[in-house]
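Here is the structure we will look at.
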Ligand code: 13P
């Protein structure tokens, strides 16, 4: 049985003082939660700080991206092995902001997914359609294309080693959350795509929902059978909100 997972994506926010305050408040609030894995994905320069503060706790940490190459002349990039050095367990790949603003194509995302796995990280693969795509009825085609690009490179067994996050672009940072039914429909579609070629992998892969998740809507989203947790943006910067979301996931796991 899959447990629940809640990952916070801090995006390009934070600083030494505010990170410490956030984690100092978060640690006691999530200590002892059963049935849910809690993760924070910090900006690269703060991974050492996060490692120092979270080592030995039940909060795991990760990065928001990773380079597709293992080492060498790639100025400005950060390898999966470097993330491992700082105790990261997870790396987000294919976030819609990276796809839209930094040119991460389906093929690049697949290569990043593979590089993360190669080093022993768990990739969190983001999929999701824009508003225009949803309104033109191609949501399933878009998420299937984004998923297939990764499966083509790592296979279904590779996919089962990671985490999928469905993040409709129109719900990110907009306050316009997908309804639990809208999320469930796409999650079930994604799981069905996996099940069509590997039923075991389909049962294993956690599928998180992301897009304006807050303490107030987490419970209903996590009650959906194919919603295995959340990838949280804005609300992950607030210890009270983020810990309440983690608690909702723990309750849903019971
Ligand atoms: P918000 O929770 O701020 O909508 O962001 C979601 C997201 O992009 C997480 O990766």
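Computed from the coordinates by the stated procedures, all read-outs in this text should not be read as laboratory data. What you see is a predicted model; the values in this text were computed from it and never measured. Using ideal geometry, Cβ is built from the backbone for each residue, glycine included, and neighbour counts are taken over all protein chains shown.
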Go from 0 up to the bin containing the longest alpha carbon distance in the chain, width 5 Å each, and give me the % of pairs per bin. 1, 7, 15, 19, 21, 18, 12, 6, 1, 0
Just the ratio, please: alpha-carbon radius of gyration of the stretch 88-130 over 2.2 N^0.38 Å, N its number of residues. 1.11
Expected output is a single nm value to one decimal: the length gained when fully extending between residue 204 and residue 148, i.e. 0.36 nm times separation in residues minus the C-alpha distance. What is it? 18.4 nm
Residues of the stretch 157-177 with amide N under 15 Å of the 7 Å Cα→Cβ point at residue 2: 157-167
Testing the spin-label approximation: label points 7 Å from Cα along Cα→Cβ at residue 51 and residue 196. State their distance in nm. 4.2 nm
Using a simple spin-label model with points 7 Å from Cα along the Cα→Cβ vector, what separation in nm is obtained for residue 130 and residue 254? 4.3 nm
Highest-fluctuation residue, 186, 93, 240 considered, GNM on the chain with Cα pairs under 10 Å: 240
Note down the nm distance, to one decimal, between modelled labels 7 Å out along Cα→Cβ at residue 240 and at residue 179. 3.0 nm
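Apply 1/(1 + (r/R0)^6) to the Cβ-Cβ distance of residue 18 and residue 101, taking R0 = 22 Å, and write down the FRET efficiency to the nearest 0.05.
Here the calculated transfer efficiency is 0.40.
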How big is the Kirkwood radius of the stretch 35-155, worked out from every pair of different alpha carbons and given in Å to one decimal? 15.2 Å
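Per residue and in Å³, how big is the convex hull formed by the alpha-carbon atoms of the stretch 152-249?
Working: hull volume 9.7 nm³, N = 98.
Value for the stretch 152-249: 99 Å³ per residue.
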Of 85, 107, 226, which has the largest mean-square fluctuation in a 10 Å C-alpha GNM of the chain? 85
Considering only 207, 232, 172, give the residue with the highest GNM mean-square fluctuation for the chain, with springs between Cα atoms whenever their separation is below 10 Å. 172
Once every DSSP H run of n ≥ 4 in the chain is given -39500 (n - 2.57) and the sum is divided by its residues, what mean residue ellipticity at 222 nm do you get, rounded to the nearest 500 deg cm²/dmol? -14500 deg cm²/dmol
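Between residue 81 and residue 31, what's the calculated FRET efficiency when r is the beta-carbon distance and R0 is 25 Å? Round to 0.05. Don't jump to the answer; show the numbers that get you there.
Values: r = 30 Å, r/R0 = 1.21.
Calculated transfer efficiency: 0.25.
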